[in-house]
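The values are calculated or read from the model by the stated rules, or taken from the named source; none is laboratory data. Keep in mind it's a predicted model, so treat the numbers as computed, not measured. Don't worry about glycine lacking a Cβ; one is built from the backbone with ideal geometry, like all the others, and counts go over all protein chains shown. Surface areas here come from the heavy atoms of the whole protein model, side chains and all, with no ligands, DNA or RNA. Shrake-Rupley method; radii C 1.70, N 1.55, O 1.52, S 1.80 Å.
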Amino acid sequence: MKISPWNRMIKKVPEECAGERLDSFISSGEKMSRAAAQKLISGGFVTVNGKKTQKSERLQAGDTVEYTVPAPVPDEAKPENIPLDIVYEDEWLLVVNKPKGMVVHPGAGNPDGTLVNALLAHCGDGLSGVGGVLRPGIVHRIDKDTGGLLLVAKNDAAHISLSEQIKRHTAGRIYEAVVIGAPPEDAGTVDAPIGRHPVMRKKMAVISGGREAVTHYAVEERFRGYSLVKFRLETGRTHQIRVHMAHIGHPILGDELYGGVRREISTSGQTLQAVEISFVHPATGEHMMFRAARQPWFEEILDKVRKL
């Protein structure tokens with residue numbers, strides 16, 4: 001059974017807690033660390049008498065504190081018999097074509113039904129442990145609503161090698177997306193640092209002082225009001241392609257978080273797919289490259305924009 005991702009709490013401050021700091025009040029009441037309580041407050045998930053405030057606010061008797069806390073995260077992932085689209089497999093690694101809508105690993109709100117649950121059923125104990133018990137074998141991730149190719153490591157040596165290739169930009173990752181509008185140039189590079197949005201904590205943004213982020217793009221096809229664009233990632237920041245394209249005024253079609261929703265084209269999440277991955281095999285040293293056909297949902301969106 002799925003767990004609700006958030007639990008809403010409303011508490012009146014009793015007399016004995018008058019003068020207590022807000023972060024301390026929440027942490028003691030929920031048996032969480034003060035650091036975790038401070039993250040809830042800074043993320044805008046806490047109000048006192050209906051207003052957002054600071055972690056250091058001193059509470060008064062009778063104040064109403066309202067907040068939401070994440071549902072419990074499972075201690076470890078469990079195997080589930082979920083079909084996998086395996087593009088390649090040997091004793092060291094797998095290349096998996098993840099469907100759109102599947103979460104990569106368990107977490108708050110997604111305790112099961114993830115790619116990791118499926119991998120555990122397929123591989124048993126034969127996955128690397130570098131990522132921990134909730135992310136066995138996971139070398140890199142893509143968003144829930146992004147379909148496409150992912151690397152999975154079967155042992156720690158493979159995991160370390162593949163992770164290092166991604167870190168050093170020697171592993172290649174190619175994506176395709178339908179974007180709104182048309183970039184003026186047929187090809188270009190977005191080199192803009194990415195960090196957490198200063199106000200909307202679920203979003204990333206191009207910000208001064210963010211981490212280096214470089215995305216290369218090439219327009220493959222132009223339509224009326226939309227374009228099919230191919231991307232090559234030089235870095236791998238959270239939501240990188242989505243943030244960079246929104247930053248230059250061409251958000252990915254269907255991307256609710258970054259302004260890509262359009263009435264004339266109905267989508268379920270961003271129209272983005274990881275279509276190619278390349279790397280050096282950690283055991284043989286062979287250069288390997290895999291391509292995936294566009295998934296049916298992606299082709300359906302392309303058909304719609306071509307008919308506009």
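What to note about this one:
- Residue check, Val104 part of a loop (DSSP other than H, G, I, E, B), open to solvent by less than 60 Å² (accessible area, probe 1.4 Å), touching a residue at least 24 places away in the same chain (Cβ under 8 Å) and under 25 Å from Arg242 (Cα atoms): yes
- Taking the criterion of being open to solvent by 60 Å² or more (accessible area, probe 1.4 Å) and not in a loop (DSSP other than H, G, I, E, B), the residues of the stretch 36-53 that qualify are Lys39, Ser42, Lys51, Lys52.
- The combined condition, being part of a strand (DSSP E or B), on the phi < 0 side of the Ramachandran plot and either modelled with pLDDT of 90 or more or of a type in the set (A, V, I, L, M) (or both), is fulfilled by Ile10.
- Scan of the stretch 128-157 for residues that are among the aliphatic types (A, V, I, L, M) and open to solvent by 20 Å² or more (accessible area, probe 1.4 Å), ordered by number: Val130, Val133, Leu134, Val139, Ala157
- Answer residue from the stretch 262-282, given it is open to solvent by 50 Å² or more (accessible area, probe 1.4 Å) and either among the β-branched types (Val, Ile, Thr) or in contact (Cβ under 8 Å) with a residue 40 or more places away in the chain (or both) and is nearest to Gln165 (Cα to Cα) among those: Val280
- Checked against (1) within 30 Å of Pro198 (Cα to Cα); (2) surrounded by 15 or more Cβ atoms within 10 Å (Cβ to Cβ); (3) of a type in the set (A, V, I, L, M, F, W, C), Val87 meets all criteria but (1).
- Test result for Val65, open to solvent by less than 20 Å² (accessible area, probe 1.4 Å) and modelled with pLDDT of 90 or more: yes
- Of the residues making up the stretch 193-209, those that are touching a helix residue (DSSP H, G or I) at 6+ places or on another chain (Cβ under 6 Å) and in contact (Cβ under 8 Å) with a residue 40 or more places away in the chain are Ile194, Val206.
- Cβ-Cβ under 7 Å pairs, at least 6 apart or on other chains, the stretch 297-308 side in contact (Cβ under 8 Å) with a residue 60 or more places away in the chain and in a helix (DSSP H, G or I), far side aliphatic (A, V, I, L, M) and surrounded by 11 or more Cβ atoms within 10 Å (Cβ to Cβ): Ile301/Val178; Ile301/Leu253; Ile301/Ile265; Leu302/Val178; Leu302/Leu228; Val305/Val178; Val305/Ile265
- Residues that are in a loop (DSSP other than H, G, I, E, B), within 18 Å of Gly172 (Cα to Cα) and open to solvent by 10 Å² or more (accessible area, probe 1.4 Å), drawn from the stretch 231-261: Glu234, Gly236, Arg237, Thr238, His239
- Checking each residue in the stretch 189-210 for being surrounded by 14 or more Cβ atoms within 10 Å (Cβ to Cβ) and more than 24 Å from Leu40 (Cβ to Cβ) picks out Val190, Ala192, Pro193, Val206.
- Verdict on Ser161 being closer than 22 Å to Met289 by Cβ, surrounded by fewer than 22 Cβ atoms within 10 Å (Cβ to Cβ) and touching a residue at least 40 places away in the same chain (Cβ under 8 Å): yes
- Residue tally, condition open to solvent by 20 Å² or more (accessible area, probe 1.4 Å), closer than 11 Å to Lys78 by Cα and among the hydrophobic types (A, V, I, L, M, F, W, C), over the stretch 107-127: 2
- Only residues that are of a type in the set (D, E, K, R), within 19 Å of the chain's Cα centre (by Cα) and closer than 18 Å to Val87 by Cα were counted in the stretch 146-173, giving 1.
- Sole exception among (1) assigned to a loop (DSSP other than H, G, I, E, B); (2) surrounded by fewer than 16 Cβ atoms within 10 Å (Cβ to Cβ); (3) in contact with a strand residue (DSSP E or B) (Cβ under 8 Å, 6 or more places away or on another chain); (4) not charged (D, E, K, R) for Ala218, by number: (1)
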